[in-house]
Each structure stands twice: as C-alpha cells, then as structure tokens.
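Novice: Got a structure for you, questions after.
The values are calculated or read from the model by the stated rules, or taken from the named source; none is laboratory data. On a predicted model such as this, the values are computed, not experimentally measured, just so you know. With ideal geometry, Cβ positions are generated from the backbone for all residues, glycine too; neighbour counts draw on all protein chains shown. Note: accessible area is taken over every heavy atom of the protein model, side chains too, but ligands, DNA and RNA are not part of it. Shrake-Rupley method; radii C 1.70, N 1.55, O 1.52, S 1.80 Å.
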Amino acid sequence: MDDTTKPALHETEATDIPVERRRRTGGRGGDRIRKTNGSKYLNLVNNLSHTQILSPEALDDVHNASLTILEEIGMDIILPEARERMKAAGADVTPGTERVRFDRGLIMDMIASAPSTFTLHARNPLRNVQIGGKNLVFAQVASAPFVADREGGRRAGNQEDFRKLIKLAQSFDVIHMTGGYPVEPIDIHASVRHLDCLSDIVKLTDKAFHCYSLGQQRNLDAIEIARIGRGISMEQMEREPSLYTIINSSSPLRLDGPMLQGIIEMSSRNQVVVVTPFTLAGAMAPVTIAGAVVQQNAEALCGIAFTQMVRKGAPVMYGGFTSNVDMKTGAPAFGTPEYMKAVMAGGQLARRYGLPYRTSNTNASNTLDAQAAYESALSLWAVTQGGGNFVLHSAGWSEGGLTASFEKFILDVDMLQMVAEFLTPLDVSEDALALDAVRDVGPGGHYFGTAHTLARYETAFYSPILSDWRNFETWTEAGRPTTYDHANRVFKEVLNKYERPPLDPAIEEQLDAFVAKRKAEGGVPTDF
C-alpha cells in the first residue's frame with residue numbers, strides 16, 4: 001500500500017464541539033461541552049506499526065487459497081450484464097448458469113489498476129477525506145432498523161430520529177462522514193425514501209456521504225443529489241469522487257443483481273465502491289477464522305476486480321466484515337478475539353494488494369453497558385493495529401447493528417477522540433522534555449505552579465466527554481450518575497446547540513426542485 005507520509009496528525013483546523021472537563025470542585029454540569037475555534041480531529045493519520053497476525057508464509061497461503069476458490073469454484077454472478085462484462089474481460093462464464101470462474105492472473109491484473117489512495121470530496125472542501133495510505137476516517141452507524149434512547153426506548157426507525165442522528169454526526173469532527181442512513185426511517189415510503197434522506201444529509205451536514213445500491217435508479221438519483229449538493233458539473237464529479245456505496249456479497253460466494261448494478265453505476269462514473277463481504281464464521285463462512293478470511297478475500301477480490309472491469313482506475317476499497325457466531329444460538333458476535341484476528345488479517349491482505357481498507361467498530365450489546373464498551377474498545381484496538389483506513393459504524397452501533405443508540409453514539413465519539421489522541425505523535429521537543437521545569441522545581445517540589453505547567457494545563461491532557469473523575473463523596477452527592485446518564489444528557493445538549501452548515505440558497509432550491517420532480521415521477525418502483 002502507498003504509505004506516503006502525509007501532513008502531521010490533526011493539522012487542519014475547523015469548528016468542532018469538543019469537551020472541557022470541569023475541575024474537581026465543579027463536578028459535572030450542563031456546560032461540559034463548549035465551542036472552540038478549531039478542531040484537532042479532521043485529518044487523522046496512523047503512523048503506528050501494524051500487527052502482523054499472519055506470517056509472510058501464512059499470508060501467501062490465504063492469498064493462494066482465495067484465488068483457488070475463484071478459479072475452481074467460482075462465484076454466482078446474478079446479473080446478466082455483469083456476466084457479459086466479466087466474460088469480455090476474460091472470465092470463464094458457464095453457459096446457462098450464473099457461475100463465473102476467474103483465472104488468478106486476471107484477478108491480479110484487474111486489482112493492480114485500482115488506486116492505493118484517493119480523495120473523497122465533500123460539499124465543504126475542509127471536509128474532504130483522504131482514503132488509503134496511513135489515513136484513518138470514521139463514519140457513523142448505518143442501516144439500523146431500530147433507534148433507541150433512554151426516554152423513548154427501542155423503537156422503529158423514523159425521520160425525526162434519522163435527522164437527529166445526522167445532526168449529531170455533523171456536530172463532531174471526529175465523525176468524518178455519514179454512513180448510510182443511521183437509522184432506516186420507515187415512516188417515509190420506500191419509493192421516495194432515498195430522495196428525502198439524501199436531501200436531508202446534504203442540508204444538515206457538509207460531509208461526504210453514502211448511497212445504497214438498491215437498484216439503478218436509486219444510484220442515479222444519489223449521484224445527481226451529490227452533484228447538486230457540491231454545485232459542480234458531472235464532468236467535475238467524475239474527476240472528483242463525491243459519493244460512496246457499500247457493496248456486500250451474498251455470502252457464500254454470490255454477488256446479487258442490485259450490488260452488481262451498483263458497481264456498474266458507481267464505478268463507471270468514477271465514484272467510490274467499498275466491497276465488503278459479510279462472512280460470519282460458522283454460518284455463511286467456514287467455522288475456522290482462517291477459512292472465513294479466505295472466503296472473505298475471494299469474494300472481495302471478485303468484486304474489486306469487477307470495478308476495474310467496469311472502469312480501470314475507479315476508486316475502490318477492500319472491505320472486511322468477518323466475525324463469528326454464538327454456536328449455542330447462531331446469533332452474530334462482535335468485538336470478539338476472533339473478530340480482532342479477522343480485522344488484522346484483512347488489513348494485511350488489503351496492504352498486500354495496495355488497496356484502502358474498510359472495517360467497523362462493532363459490539364453485540366443490547367444496551368449501553370460494560371459489554372458495549374469493551375467490545376467496541378477491542379474493535380477499535382483491532383482497527384488501529386490492523387491498519388484500517390475507513391471505519392464504518394464508528395459511532396452509535398448497538399445490538400449487533402440492529403439499533404442506532406443516541407447514548408452509544410456519544411460513548412463512541414469519546415472513544416474515537418481518545419484513539420485520535422493516542423495516535424498523536426509523542427512530543428519530544430526541547431520544551432516537552434521540560435529540563436528547565438525540572439531545574440526550577442528540583443528535588444521534593446511540585447509542578448502545579450510552574451510556568452511550564454501554567455502555560456499548558458488547559459490543553460496538556462485529553463478531557464473526556466463522559467469519564468467522571470470526582471471522588472466518591474462528591475459523586476454520591478450528585479446522585480451517583482452513570483455513564484448512561486452522562487451520555488443521555490450530552491447528546492441532548494449537542495442537539496440543542498446544533499447549527500445547520502451553510503448551503504447556497506440556489507443549490508438548495510435546485511436540490512428541492514430535483515427531489516420534487518422525482519417524487520412527482522413516483523420515485524422508484526416498489527412491490528408495496
């Protein structure tokens with residue numbers, strides 16, 4: 001992978017809503033969150049050495065086994081146009097069936113043309129994100145059917161909560177992009193849901209965003225909405241990728257029609273495709289993690305190669321989403337040791353192929369509790385050590401992805417900011433080494449009142465959003481609030497302070513006109 005050195009971590013400045021820890025005498029209060037003049041979290045770079053969970057020989061074994069699957073077993077390609085394109089590129093299409101086999105040389109030739117790094121453009125240029133290399137990009141939870149907070153409990157997705165979650169994503173710079181819909185708003189009919197949701201995303205955020213590949217027309221509508229939102233021509237948009245889509249294989253070893261159509265529509269216009277097999281060991285993939293990763297790799301390479309058959313040089317990411325299931329119940333498990341191993345192995349494979357790597361921040365907890373925190377912490381550890389470039393579901397994922405949680409969103413933002421701080425290179429400048437301060441204090445003194453401390457005390461350490469550092473007595477007097485209590489309060493404070501980002505009125509008028517026109521045309525056909 002192209003590991004070209006980028007500007008120093010946290011170089012770009014922009015508005016954010018970081019957090020200020022009160023002094024012990026003040027305890028926790030409603031003004032914990034404050035506005036500042038700049039953010040440290042817009043452009044993150046991971047300069048740490050990656051964990052090599054696979055030896056060079058083992059990496060070769062996984063690679064070769066994956067190519068053997070594509071050569072000998074093949075993939076079911078459930079779209080005639082895609083099979084025709086693959087056949088034209090040199091794949092072996094079995095007549096009268098959907099099965100396609102791929103020579104390993106063809107696969108390697110195709111993926112060699114995919115870029116190692118690229119820029120995904122937002123309507124606000126300060127929000128452009130660099131994908132690949134050592135860059136690290138976070139996107140919020142996506143595609144949950146349910147939403148939850150303490151007062152409202154777990155409920156079906158709806159437009160009001162959808163908009164609130166989008167506003168939260170805008171409010172923190174460590175959330176670099178929205179994902180898909182953070183929750184599916186089922187109170188909007190499916191025929192026009194994409195029009196309302198994507199229009200809201202353009203208006204309520206100024207960040208890059210995602211479109212679902214659920215049929216050609218939805219892709220085309222999303223591309224046009226992204227173009228209008230940036231105020232550019234289609235020619236410029238093809239030069240500057242401005243939209244991404246997640247392509248999931250139907251494991252084991254299938255790519256269905258809407259996913260393949262999505263690759264054709266997006267890659268042909270030079271927009272970003274993220275090929276992500278969903279391979280649960282013991283369910284849709286072999287029970288061994290090595291076998292599951294082999295299958296993940298085969299499916300990913302097939303989809304990635306197809307993007308290059310559609311358009312050489314089209315931006316694409318290698319996605320990994322391999323975990324295990326609870327063998328007692330069959331329920332998916334996340335944030336497990338097995339998940340960590342799969343994430344790290346996937347990172348090695350992506351780097352082998354010179355491709356940006358997509359992964360996720362996951363957990364399977366049903367509420368905001370210790371399980372939610374430790375499974376997410378293990379996920380983020382694997383993401384960091386595995387060299388993830390793009391982390392979907394970074395904030396708000398709960399119940400194995402079934403629920404978008406407002407309180408979990410805040411907990412995750414806190415952890416993401418801690419990851420960003422941890423990745424900041426350690427300052428060993430002459431001032432940071434502090435020899436003058438040591439000379440001033442000498443043996444037996446203290447540093448509270450030194451000039452060196454007073455010049456730095458406000459910014460010396462990360463101030464968590466949720467950690468409660470009061471002593472037991474003070475905490476008890478305050479009613480013994482939990483992390484759940486603090487997160488519940490904070491997300492409401494952030495929403496109350498939300499400010500819609502500027503949008504040219506002419507662009508908004510054009511966007512509204514396009515959405516109205518497409519709604520008048522009926523949106524997209526549905527079977528209900």
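Novice: Add -39500 (n - 2.57) for each DSSP H run of 4 or more in the chain, then divide by its residues: what number comes out at 222 nm, to the nearest 500 deg cm²/dmol?
Specialist: Calculated from helices alone, the mean residue ellipticity at 222 nm is -12500 deg cm²/dmol.
Novice: Would you list 134, 408, 519 from the most to the least accessible area, probe 1.4 Å?
Specialist: 519, 134, 408
Novice: Between residue 506 and residue 55, what is the spin-label point distance in nm, taking each point 7 Å from the Cα along the Cα→C-beta axis?
Specialist: 6.4
Novice: Now, a different point. Specify the angular offset, from 0 to 90 degrees and rounded to the nearest 10, of the alpha carbon long axis of helix 370-386 from the longest principal axis of the alpha carbons in the chain.
Specialist: Rounded to the nearest ten degrees, it is 70.
Novice: Pull up the cross-link candidates among the lysines for residue 492, meaning alpha carbon to alpha carbon under 27 Å and not fewer than 8 places away within one chain.
Specialist: 35, 40, 164, 167, 203, 207, 408
Novice: Could you compute the net charge surrounding residue 248? Neighbours are other residues with a C-beta less than 10 Å from the C-beta of residue 248; K and R count +1, D and E count -1.
Specialist: Neighbour charge sum, excluding residue 248 itself: -2.
Novice: Protein chains only, probe 1.4 Å: how do 497, 87 rank by accessible area, largest first?
Specialist: The ordering from most to least exposed comes out as 87, 497.
Novice: So, one more: I'd like the accessible area for residue 381: 1.4 Å probe, protein heavy atoms, all chains in place, Å² to the nearest 10.
Specialist: Surface accessible to solvent at residue 381 totals approximately 140 Å².
Novice: Any chance you could check the Cα centroid distance between the stretch 214-289 and the stretch 501-519 for me, in angstrom?
Specialist: Spelled out, the Cα-based centre of one part sits 24 Å from the other.
Novice: Further question: Report the per residue volume, in Å³, of the convex hull enclosing the C-alpha atoms of the stretch 217-293.
Specialist: With only Cα atoms used, the stretch 217-293 gives 93 Å³ per residue.
Novice: All other residues with a Cβ under 14 Å from the Cβ of residue 452 taken together, and with Lys, Arg as +1 and Asp, Glu as -1, what is their net charge?
Specialist: Within the 14 Å Cβ shell, the charges total -4.
Novice: Suppose each label sits 7 Å from its Cα in the direction of the beta carbon; what would the residue 499-residue 97 distance come out to in nanometres?
Specialist: Computed distance between label sites residue 499 and residue 97 equals 6.2 nm.
Novice: Hey, another quick one. Report residue 78's accessible area, 1.4 Å probe, all protein chains in place, as a number in Å² to the nearest 10.
Specialist: Ignoring ligands and nucleic acids, residue 78 comes out at about 40 Å².
Novice: Evaluate the Kirkwood expression for the hydrodynamic radius of the stretch 411-528, namely the inverse of the mean inverse distance over all pairs of different C-alpha atoms, and round to one decimal in Å.
Specialist: Kirkwood hydrodynamic radius for the stretch 411-528: 20.6 Å.
Novice: Now a separate question. Of the options 343, 327, 366, report the single residue whose Cα projects farthest towards the positive end of the charge dipole of the stretch 324-373 (beta-carbon charges: Lys, Arg +1; Asp, Glu -1).
Specialist: Positive-most Cα among the choices belongs to 343.
Novice: Something else: Summing Lys, Arg as +1 and Asp, Glu as -1, what charge do residues with Cβ under 11 Å from the Cβ of residue 159 carry, residue 159 excluded?
Specialist: Spelling it out: positives minus negatives among the neighbours equals -3.
Novice: Okay, next question. Given the options 93, 64, 243, identify the residue whose Cα lies farthest towards the positive end of the charge dipole of the stretch 56-423 (+1 on Cβ of Lys, Arg; -1 on Cβ of Asp, Glu).
Specialist: Result: 243.
Novice: Which whole-number percent is the relative contact order of the stretch 56-423 (Cα, under 8 Å, 6+ apart)?
Specialist: 20
Novice: Just the Kirkwood number for the chain, please: inverse of mean 1/r across all distinct Cα pairs, in Å, one decimal.
Specialist: The Cα-based Kirkwood calculation yields 24.1 Å.
Novice: Note the full-extension length gain between residue 256 and residue 329 as 0.36 nm times their separation in residues minus their Cα-Cα distance, in nm to one decimal.
Specialist: Gain on extension, residue 256 to residue 329, equals 23.5 nm.
Novice: For the chain, build the charge dipole from Cβ charges (+1 Lys, Arg; -1 Asp, Glu) around the Cα centre, then report which of 447, 234, 393 sits farthest towards its positive end.
Specialist: 447
Novice: Could you size up the charge dipole of the chain around its Cα centre, putting +1 on the beta carbon of Lys and Arg and -1 on that of Asp and Glu, and report it in debye to the nearest 20?
Specialist: The dipole of the chain has a size of about 500 debye.
Novice: In straight Cα distance, which aspartates and glutamates are under 13 Å from residue 497, not counting same-chain residues fewer than 8 positions off?
Specialist: 16, 31
Novice: Also, I was wondering about something else. How far is helix 257-268 tilted, in degrees, relative to the longest principal axis of the Cα atoms in the chain, given as a value from 0 to 90 rounded to the nearest 10?
Specialist: 80
Novice: Now, a different point. In nm, to one decimal, how far is the modelled label at residue 447 from the one at residue 109, with both set 7 Å along Cα→Cβ?
Specialist: Reported label-point gap for residue 447 and residue 109 is 6.1 nm.
Novice: Could you look at the stretch 305-374 and say what percent of its accessible area is carbon and sulfur, using a 1.4 Å probe and all protein chains?
Specialist: 54
Novice: Further, regarding this structure: Would you kindly find the accessible area of residue 447, with a 1.4 Å probe and non-protein molecules such as ligands, DNA and RNA excluded, rounding to the nearest 10 Å²?
Specialist: Counting only protein heavy atoms, the figure is 90 Å².
Novice: Shifting gears a bit: Using 1/(1 + (r/R0)^6) with R0 = 22 angstrom and r between the beta carbons of residue 455 and residue 424, what's the FRET efficiency to the nearest 0.05?
Specialist: 0.75
Novice: Enumerate the aspartates and glutamates that residue 134 could reach by cross-link, defined here as Cα to Cα under 12 Å, with residues fewer than 8 away along the same chain left out.
Specialist: Residue 134 reaches 2, 3.
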